[in-house]
Structures are given as C-alpha cells and as structure tokens.
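The values are calculated or read from the model by the stated rules, or taken from the named source; none is laboratory data. Predicted, not measured: the structure shown is a model, and the values here were computed from it. As a convention, Cβ positions derive from the backbone with ideal geometry for all residues, glycine included, and neighbour counts pool all protein chains shown.
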Amino acid sequence: MIGHMHKAGMQMTAEPKDADVLIVNTCSFIDSANEESVKTILEAHRDRGLSKRHGNQKLIVAGCMSQRFSGELPNLIPEVDAFIGLDQLEKVPEIINDVLEKDPKPKEAPANYIKGKSRYIPDFDTPRFRLTPKHFAYIKIAEGCNHPCSFCIIPKIRGMHRSRTIESVVQETRQLVAEGVKEINLISQDTTYFGMDRWEQRPNPRSEVDSTRGDSLTTLIRELNAVEGDFWIRLLYTHPAHWSDELIQTIAKCPKVARYIDIPLQHISDHMLTEMKRETDGAYIRDLIQRIRKGVPGISIRTTFIAGFPGETEDCFQELLDFITEIKFERLGIFRYSQEEGTRAARREDQLDKEIKEERWNRAMATQQEVSLEVSESFIGKTLRVLVEEPGIARGQADAPDIDGRVYVDPFLPIGNFAEVEIIDADPYDLFAIPRDQAATPSEEILVYG
C-alpha cells in the first residue's frame with residue numbers, strides 16, 4: 001500500500017494528527033486480533049475528532065478484518081469512511097482521492113470497495129516501501145491456502161493458494177540484495193506448496209514432492225542460492241504435509257539457506273491431528289523430524305502447537321507435553337485455541353473452558369522453558385555467525401526476526417552486517433557473546449553484554 005502511495009506522490013507522516021487520511025491495516029487471524037483491530041479503529045476515530053487542524057480527517061480500514069467481514073463492518077462501524085480488502089492495494093491512491101473529495105456533511109455510509117474473494121498476488125515490480133530495517137526483508141512467494149485445517153479461517157479470507165513465478169521471486173531477491181539486504185525471509189500461508197498449484201494434477205497431501213513435475217520450493221531455493229551476494233535465505237511457514245527428501249537434500253546443499261526451518265505441527269496426538277484436519281499423523285511427524293535433523297545437521301526447528309482444541313483430553317495433552325520433552329525443539333510457541341467464527345471447529349459442542357486452555361498453555365510453556373534452557377546452554381563455547389540488528393543485539397541462524405531469541409554482542413559491532421562471535425553464556429531464550437577475535441583466556445575478565 002505504501003509503495004503505491006509513494007508512487008502516486010503521497011507522503012507518510014509519523015504523526016496521526018498531521019494526516020489527511022488515517023489507514024488502519026487490520027488482522028483477523030484470531031479473536032484477539034479482531035478485538036485489537038476494532039479498538040484501534042475506534043481510537044483513531046476518537047483522536048481525529050480531537051484534531052483541530054484536520055476536522056475533516058478521513059479514516060480507511062484495510063486488511064484481513066475488512067476482507068473477512070466486508071458485509072457487516074460498514075453497518076457495525078459507520079464511523080469509518082471506507083473499507084478496502086486485500087485486492088485493492090493498487091487502487092489505494094485512487095480510493096484515498098475519492099474519500100478526500102467527499103463532502104463530510106451529511107455523513108454518508110462508509111464506502112465498501114471489497115468485491116468477491118481475494119485473488120491478488122504481488123510481483124517483483126510491485127511498488128514497495130519497506131518497513132523493515134535495511135538489512136532484512138520479507139518476500140511473499142505465494143498467497144492463499146488450500147489446506148482444510150478445521151481451526152483456521154485464512155483460506156476463507158485469502159482464498160486458494162496461488163504462487164508467484166520463480167523468475168519473479170528471484171528478480172525481487174536480486175533487487176533487495178543489491179540494496180544491502182542480508183537476510184531474505186520467504187513467507188506465504190504455506191511455503192512448501194510453492195509452485196505446486198500450477199502442476200497439471202495437484203498433489204495430494206503427504207505425497208512425495210517431485211520437482212520434475214514443475215516449479216517447487218526446491219527449484220526456487222536452488223535459484224535463490226545462486227544469486228550473487230552474501231545473504232541468508234530463511235524458510236518460514238512450511239506445512240509438514242508437503243516436506244520431501246528432495247527438499248531436505250536441497251537445504252543441505254545450499255549454504256545460503258539458514259539452518260532453520262519453521263514448521264507448524266499444531267499437535268502430536270493422532271486423535272487431535274485428525275480432528276484438526278492436519279493431513280498428518282504422529283508417526284509421520286516423528287519420522288519427518290528425524291529425517292530433517294539427519295539430513296541437515298545443526299538445523300534448528302521452530303514449531304507451534306495449539307493447547308485446548310475442542311475435544312482435547314488430558315491424555316492427548318500429556319502426549320503433547322511428552323513429545324515436547326522428547327524432541328527438544330530449538331524454538332517453540334504455544335497458542336491457546338481460539339474459537340473462530342466460520343470454521344468447522346467453532347461449531348463443535350465440546351469446546352473447553354477458558355480456564356482449562358489457560359492452564360494447559362502455562363504447562364506447555366513451562367515444559368518448553370526447561371527445554372529452551374538446555375538448548376541455549378548447548379551453544380556455550382561455540383562460534384556463531386550472527387547478523388547485527390542494533391547496537392549490542394544480533395540474531396543467529398536459529399533466530400527469525402521478531403519471534404525468536406537474541407544474541408547480545410559487543411555494542412560496537414556494525415549494524416546490518418554479519419559477525420563471528422563466541423557464545424559465553426545463555427538463558428532460556430537468549431545468548432551472550434564476545435567477538436571471536438577477542439575470545440578471552442581463562443585469566444582475562446569477560447564482559448557480558450546485555
């Protein structure tokens with residue numbers, strides 16, 4: 001959106017009171033996101049009423065909540081001037097001008113520019129204004145999702161899976177690396193399904209991926225690994241159902257791919273995986289984790305689980321806790337189940353009480369904290385290559401932006417560059433390091449940064 005606005009000559013301001021138009025970009029993945037979005041919209045409306053300079057300041061609501069509730073929101077939040085969804089990004093400047101030209105008196109009903117299901121997908125030449133630091137960027141390689149997960153609303157919001165071309169992603173990567181980006185984070189709702197939507201016969205879940213049938217994540221990775229420059233490639237949001245030995249081998253053979261994968265598993269109990277419509281079972285997941293760790297030595301695996309899904313028994317949950325203790329994931333997050341309107345799981349009558357979900361979330365987090373400390377302490381004495389984020393703070397290959405841990409380093413290391421450091425201490429989530437060329441002898445003092 002910002003890229004298109006800049007292209008049209010519009011300027012951003014950090015001060016809401018100085019703006020002619022406020023745009024609230026919303027999330028709608030879980031209930032708490034909807035609540036936060038509505039709260040932000042109403043606060044924006046309240047604040048514009050206090051602005052003496054802009055008594056006619058306009059308010060536009062964009063994003064997933066607009067797309068999901070496009071039929072209801074104009075009546076529920078009449079304070080808004082216009083609603084746009086996921087496919088109106090290219091028309092944002094035009095919509096802004098339309099809204100600004102409207103006479104504020106009498107107040108008209110909010111304009112609703114959302115029509116039908118989302119089909120939009122960005123390309124390498126889509127105007128872009130990055131909000132991330134100079135040294136890392138996200139590339140969305142596909143939009144939408146074909147999976148039937150019973151707890152998830154994303155397919156209804158973002159539509160069916162649609163991939164970009166390999167050429168488009170490679171060209172955007174070249175542009176970003178030329179601008180100084182050191183880390184490319186590949187994202188989509190299901191990264192492992194990349195390219196497979198264009199195969200003549202779509203693969204069934206858990207079918208072995210064969211890149212000879214057409215574009216796939218493996219072919220994309222190989223092309224990106226060949227791009228000139230010193231940078232990491234990080235894989236996020238890989239669905240376990242479409243992993244293959246070829247993908248594991250490709251990661252192992254491509255040195256630019258960070259030794260880190262994000263693979264949301266959601267549960268390990270066969271009963272719960274079936275109820276969640278995850279297209280996997282416990283035996284498949286255990287075998288996959290074993291194959292990934294054997295095929296890519298030193299890889300860090302991040303996953304997420306859901307606690308308190310409808311019908312989850314204490315035995316099912318205990319199986320999950322035992323699995324967490326057994327596998328010792330390097331990175332792990334726990335979600336409390338959210339009953340999302342419009343999903344199959346939301347209609348179930350065996351919903352668990354909020355107190356049970358909270359109690360299980362706490363137990364799972366406590367279990368993982370013990371594992372995290374053990375994992376962190378295993379790095380002590382090792383040399384890591386890190387990417388310096390800000391003075392005194394860096395990330396290793398095992399740490400994705402914003403969601404994983406930190407490596408506290410010498411505050412004078414150059415920001416946005418790679419550095420070699422030696423780990424000298426650890427806590428459950430963070431590491432503490434000194435530059436490798438300053439590694440202390442036993443008789444020297446050690447300064448722990450942080």
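Figures for the structure shown
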| read-out | value |
| --- | --- |
| Test: residue in segment 196-203 that is buried (at least 21 other Cβ atoms within 10 Å of the Cβ) and at pLDDT 95 or above | no |
| Residue match in segment 12-29 (condition: aromatic (Phe, Trp, Tyr) and at pLDDT below 95) | yes |
| Any chance Gly9 is at pLDDT 95 or above and more than 14 Å from Val99 (Cβ to Cβ) | yes |
| Residues of segment 1-37 that turn out to be among the hydroxyl-bearing types (Ser, Thr, Tyr) and in contact (Cβ under 8 Å) with a residue 60 or more places away in the chain, as a count | 2 |
| Cβ pairs under 6 Å, 6+ apart, first in segment 325-343 and assigned by TED's automatic domain parsing to the domain that holds Pro148, second surrounded by 18 or more Cβ atoms within 10 Å (Cβ to Cβ) and acidic (Asp, Glu) | Arg331/Asp404 |
| Any hit, segment 375-395, residues being in a loop (DSSP other than H, G, I, E, B), over 29 Å from the mean Cα position of the chain (by Cα) and either of a type in the set (Ser, Thr, Tyr) or at pLDDT below 95 (or both) | no |
| Of all residues making up segment 347-357, the number that are assigned to a helix (DSSP H, G or I) and either touching a residue at least 24 places away in the same chain (Cβ under 8 Å) or assigned by TED's automatic domain parsing to the domain that holds Arg68 (or both) | 2 |
| Residues of segment 149-159 satisfying the condition of being assigned to a loop (DSSP other than H, G, I, E, B) and farther than 21 Å from Tyr138 by Cα | Cys149, Ser150, Phe151, Cys152, Ile153 |
| Among the candidates Ile248, Ile285, Ile233, residue that is buried (at least 19 other Cβ atoms within 10 Å of the Cβ) and in contact with a strand residue (DSSP E or B) (Cβ under 9 Å, 6 or more places away or on another chain) | Ile233 |
| Any hit, segment 258-268, residues being in the same structural domain as Ile187 (by TED's automatic domain parsing), farther than 30 Å from His135 by Cβ, assigned to a helix (DSSP H, G or I) and modelled with pLDDT of 95 or more | no |
| In segment 178-195, the residues that are over 12 Å from Lys134 (Cβ atoms) and surrounded by 18 or more Cβ atoms within 10 Å (Cβ to Cβ) | Ile184, Asn185, Leu186, Ser188, Gln189, Asp190, Thr191, Thr192, Tyr193, Phe194, Gly195 |
| Residue within segment 289-302 that is surrounded by fewer than 21 Cβ atoms within 10 Å (Cβ to Cβ), over 24 Å from the mean Cα position of the chain (by Cα) and in a loop (DSSP other than H, G, I, E, B) present | yes |
| Helices (runs of 4 or more DSSP H) wholly inside segment 1-95 containing at least 2 residues that are surrounded by fewer than 17 Cβ atoms within 10 Å (Cβ to Cβ) | 2-7, 31-50, 73-76 |
| Some residue of segment 388-407 being surrounded by fewer than 15 Cβ atoms within 10 Å (Cβ to Cβ) and in the same structural domain as Leu265 (by TED's automatic domain parsing) | no |
| Filtered residue count, segment 375-387, keeping only those that are surrounded by fewer than 17 Cβ atoms within 10 Å (Cβ to Cβ) and not charged (D, E, K, R) | 4 |
| Which listed residue is in contact with a strand residue (DSSP E or B) (Cβ under 8 Å, 6 or more places away or on another chain) and acidic (Asp, Glu), from Glu330, Glu314 | Glu330 |
| Positions within segment 376-398 being in contact with a Leu (Cβ under 9 Å, 6 or more places away or on another chain) and not β-branched (Val, Ile, Thr), in sequence order | Ser376, Phe379, Leu384, Pro391, Gly392, Ala394, Arg395, Gly396, Gln397, Ala398 |
| Residue match in segment 265-286 (condition: under 21 Å from Asp404 (Cβ atoms) and out of contact with any helix residue (DSSP H, G or I) (no Cβ under 8 Å at 6 or more places or on another chain)) | no |
| Residue match in segment 64-84 (condition: touching a residue at least 40 places away in the same chain (Cβ under 8 Å), of a type outside the set (Ser, Thr, Tyr) and farther than 19 Å from Arg119 by Cα) | no |
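Here's the yes/no breakdown for (1) hydroxyl-bearing (Ser, Thr, Tyr); (2) more than 30 Å from Ala19 (Cβ to Cβ); (3) in the same structural domain as Lys7 (by TED's automatic domain parsing); (4) modelled with pLDDT of 95 or more:
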| site | (1), (2), (3), (4) |
| --- | --- |
| Ala82 | no, no, yes, yes |
| Glu90 | no, no, yes, no |
| Glu101 | no, no, yes, no |
| Arg130 | no, no, no, no |
| Ser150 | yes, yes, no, yes |
| Lys156 | no, yes, no, no |
| Gly159 | no, yes, no, no |
| Ser163 | yes, yes, no, yes |
| Ser168 | yes, yes, no, yes |
